[in-house]
Amino acid sequence: MADPSYVGRFAPSPTGLLHFGSLLAAVASYLDARAQKGSWLLRIDDIDPPREQAGASDQIQRTLEHYGLHWDGSTHYQSLHTERYRDLRDQLLRRSLAYPCNCSRKQLAAYHGRYPGLCRNGTSGTGACAIRVRCDNTPTSFIDRIQGVQHYDLAADSGDYVIWRKDDLVAYQLAAAADDAWQGITHVVRGVDLIDSTPRQIHLQQLLDFKAASYGHIPVLVNSSGRKLSKQNFARPLPTGDPRPLLYFALELLGQEPYPELRDARLDELLQWAIEHWSIATVPPLVEVSVTAVTPPFDV
Ligand code: GLU
């Protein structure tokens, strides 16, 4: 039986297929969970239908299986929980911790990502509203298992942020904070590109009286032109051939130093070795690991 004190997860968005950067996050969270005899859950963050790619949810799951990354229990689809997210939003509104905002993108452009609270005392004019959560006096610190101590001040950094979108969709921050709590996630391991979301998710969990998880953010990869590997810049989907060279490469980038003979090991042997030798302490904290610094087994 899995140790209930460790529940980890991988939470891809089906806006595209898994690429090597997503494999790295999946492998790191999987190994961290399995090394601690914990469970590892799969959540599909399908809350943004306009950006989703048909068939991606299924394809992501087939790809994880192909790479030997088997999750526990059934897949959790965020799209099935809209009403529960809506209840949380309404609770925050009732408690005056959140408020409607109909500011346009154009109006906000001058503020460089920090919302100046224009609708705090009510909206003016008409138009669809987003819902923002209030950030008053919100210094947040957490100890990231890979990146070290992190300090944020949401009021100064982002200002009141969106928890419900103008197009009546739940925003990622609220859905992630809620599901991490509802699924009993104790350890989040994901890419450092999401680290700025962590203080917002901790803030929401505090407001909603949810238990916080521990966090570890792995470095993101940049491609040969120095840009982050992402669906947006068309990182190639993971190949469906032999999964072992890419897994081996992922272990190297995660600082696990697999020994050369493991290149010829079976997939289950390679993963078993990786579970037994997993060390989060040797994952490089660098924000960017250039895939050009090492020889990738395929063109990422
Ligand atoms: N669904 C998010 C993404 O694919 C990640 C969510 C998370 O790990 O919190 O970027």
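Considering Leu41, Leu69, Leu31, which residue is out of contact with any Ser or Thr (no Cβ under 6 Å at 6 or more places or on another chain) and part of a helix (DSSP H, G or I)? Leu31 is the lone residue from the list that is out of contact with any Ser or Thr (no Cβ under 6 Å at 6 or more places or on another chain) and part of a helix (DSSP H, G or I).
Restrict the check to region 45-59 and report whether at least one residue is outside any loop (DSSP other than H, G, I, E, B), closer than 19 Å to Gly191 by Cα and either within 11 Å of the ligand (Cβ to nearest atom) or at pLDDT below 95 (or both).
For region 45-59, residues outside any loop (DSSP other than H, G, I, E, B), closer than 19 Å to Gly191 by Cα and either within 11 Å of the ligand (Cβ to nearest atom) or at pLDDT below 95 (or both): absent.
For region 143-162, the condition of being over 24 Å from Asp87 (Cα atoms), surrounded by 15 or more Cβ atoms within 10 Å (Cβ to Cβ) and without any contact (Cβ under 8 Å) to a residue 24 or more places away in the chain holds for at least one residue. Pairing residues of region 1-17 that are under 18 Å from Tyr30 (Cβ atoms) and assigned to a loop (DSSP other than H, G, I, E, B) with residues that are hydroxyl-bearing (Ser, Thr, Tyr) and within 12 Å of the ligand (Cβ to nearest atom), at Cβ distances under 7 Å and at least 6 apart in sequence or on separate chains, gives Pro12/Ser22.
Looking only at residues of region 163-177 that are part of a strand (DSSP E or B) and among the aliphatic types (A, V, I, L, M), we find that the one that is nearest to the ligand (Cβ to nearest atom) is Val170.
Selection within region 123-142: residues that are of a type in the set (Gly, Ala, Ser) and over 20 Å from the mean Cα position of the chain (by Cα). The member of this set that is surrounded by the most Cβ atoms within 10 Å (Cβ to Cβ) is Ala130. Considering only residues in region 178-200 that are more than 12 Å from Phe10 (Cβ to Cβ) and over 11 Å from the mean Cα position of the chain (by Cα), the one that is nearest to the ligand (Cβ to nearest atom) turns out to be Asp179. Within region 180-194, residues that are within 12 Å of Ile146 (Cβ to Cβ) and in contact (Cβ under 8 Å) with a residue 24 or more places away in the chain reach partners that are assigned to a loop (DSSP other than H, G, I, E, B) and near the ligand (Cβ under 8 Å from one of its atoms) with beta carbons closer than 8 Å, at six or more positions or on different chains, in the pairs Arg190/Ala11. Report yes if Leu271 is more than 14 Å from the ligand (Cβ to nearest atom), surrounded by 22 or more Cβ atoms within 10 Å (Cβ to Cβ) and modelled with pLDDT of 95 or more, otherwise no. Criteria met by Leu271. When Ser39, Ser29, Ser22 are screened for being over 15 Å from the mean Cα position of the chain (by Cα), among the hydroxyl-bearing types (Ser, Thr, Tyr) and either buried (at least 18 other Cβ atoms within 10 Å of the Cβ) or within 25 Å of Asp3 (Cα to Cα) (or both), only Ser39 passes. In region 203-231, the residues that are over 23 Å from Leu31 (Cβ atoms) and crowded, with 20+ Cβ neighbours inside 10 Å form Cβ pairs under 8 Å with partners that are modelled with pLDDT of 95 or more and aromatic (Phe, Trp, Tyr), at six or more places apart or across chains, as follows: Leu204/Phe210. If the condition is being of a type in the set (S, T, N, Q) and not in a strand (DSSP E or B), then region 123-162 contributes Thr123, Ser124, Thr126, Asn137, Thr138, Gln147, Ser158. Looking at Arg84, Arg94, which is the one that is surrounded by 11 or more Cβ atoms within 10 Å (Cβ to Cβ) and charged (D, E, K, R)? Residue meeting the stated conditions: Arg84.
The values are calculated or read from the model by the stated rules, or taken from the named source; none is laboratory data. Because the structure is a prediction, the values reported are computed rather than measured. Neighbour counts run over all protein chains shown; Cβ positions are idealised from the backbone, glycine included.
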